[in-house]
1. Which angle between 0 and 90 degrees, to the nearest 10, do you get for helix 299-311 versus the longest principal axis of the chain when only C-alpha atoms count?
2. Specify the angular offset, from 0 to 90 degrees and rounded to the nearest 10, of the alpha carbon long axis of helix 209-223 from the longest principal axis of the alpha carbons in the chain.
3. Please report, in debye to the nearest 20, how large the charge dipole of the chain is about its Cα centre when each Lys and Arg carries +1 at its beta carbon and each Asp and Glu carries -1 there.
4. So, counting K/R as plus one and D/E as minus one, what does the shell of residues with Cβ under 12 Å around V22 add up to?
5. Using a Förster distance of 22 angstrom, determine the FRET efficiency expected from the C-beta separation of K187 and K212, and round it to 0.05.
6. Loop by DSSP (not H, G, I, E, B), at most 10 other beta-carbon atoms within 10 Å: where is the longest site-free stretch of the chain for trypsin sites (Lys or Arg not before Pro)?
7. I'd like to know which of I186, S85, P42 lies farthest towards the positive end of the charge dipole of the chain, counting +1 on Cβ of Lys and Arg and -1 on Cβ of Asp and Glu.
8. Quick one: compute the contact order of segment 272-342, relative version, from alpha carbon pairs under 8 angstrom and 6+ residues apart, as a percent.
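Throughout, read-outs are computed from the coordinates displayed, never taken from laboratory work. Remember, it's a predicted structure, so these values are computed and weren't measured experimentally. Cβ atoms come from the backbone with ideal geometry, glycine included; neighbour counts cover every protein chain shown.
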Amino acid sequence: MIFKTIPKQVVNLGLVSFFNDVASELLYPVMPIFLTQVLGAPVYIVGIIEGVAEGSASIFKTLFGYWSDKLGRRKIFVVGGYFSSACAKVIIAFAYSWPIVFLGRFTDRFGKGVRTGARDALLLEAASDHNRGLIFGFHRSMDSAGAVLGPLIGFFLLYLFNENIRLILYIAAIPSLFALIFLVFIKDSQRKLKEAKLKLSLSLKGLPSQFKFFLLVMAIFSLGNSSDTFLILRAKDLGLTLSLTILAYVLFNITYTLISTPAGHLSDRIGTKKVFMAGILIYAAVYLAFAFVGNKALIWPLFAIYGFYIALTDGISKALVGSFIKSDIAGTAYGVLQTTISIFTLLASVIGGFLWSAVSPEATFLFGAVCAISAFFLFLFKKTSDDVNA
């Protein structure tokens, strides 16, 4: 059984991500409704908050990834990052205006920036050439399992407390704090500590050319990959109630959870590039469908299929990067990857919000589909080491 081959370090990191995501996904489905209906913010503010909070903190993903490599330390950044995200839940719970929500979202993204490079480097250190996709796929499964449970808890609480969104915000802080317990069991790599004297340069010059090309592909794709809050708002506009919208979001996370580990295992067998590109095509198809869908019943299968897209790209992209780089620069490389994604996600969310308000909701999804298709064909004709090893 493939799960028996997964190291304890990876399991513990998965449990941390699981409980943190329970908290995050308790908030996420209700956040656009909280902003627009409770705090009275217009839709374009939702796009700005989601985009700017992600993008303005994105530089930290490279900076702290670099420091992690420089110091030969991982755990201190992982702990600090998850603690920051736990504090963010408290800030959002006490928000009575949208700028405070922005502060909370920024604090949460800052925490993600601190931990991401170091955490992904720990995962890479625990993997080999034969199970890299499985390791990253399993971690994404644990993360998305929290994204299943979180909205389900939110759905139950909405029913129990008569759609009292603010009470849900208070409760969301609890599992985020609980996640910190499992960080006790995370260990730094002794091998990395011995390499702490490496002289690294915080630039792209020392990074492999294949990695740089992949950054270009991810930049183009991310330019159209606006916040999932637009999917939630689209479902609401098409007639789903708040509770049903949350359940549709749960369905997306269920498929994400169930498919991530098998997708990672499959990528180890047939090549990560092939699996990743299939995910990009699925994304484009779903966004085209969201642009033209008129029947709210179709929202359910679209959210389910959307889960396939992220299962085939999220952990897989990190495994693909792992085939381009050496472990001694992993923190920097994963930080640069996440910074690139975050910057262009910032632009995507701002552009998506503008297109939604100034043109139409359909324009937001059409733009995303075009960017995904462009990234697909750019990567299709680029030969990589993954093509050779597959």
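1. The answer is roughly 10 degrees.
2. Once rounded, the angle reads 0 degrees.
3. Details: 34 positive and 21 negative charges, 252 e Å.
Here the size comes out at about 1220 debye.
4. After counting each charged neighbour, the total is -2.
5. 0.10
6. 1-196
7. Result: I186, furthest along the dipole toward the positive end.
8. Values: 39 pairs, mean separation 29.6, N = 71.
RCO, segment 272-342: 42 percent.
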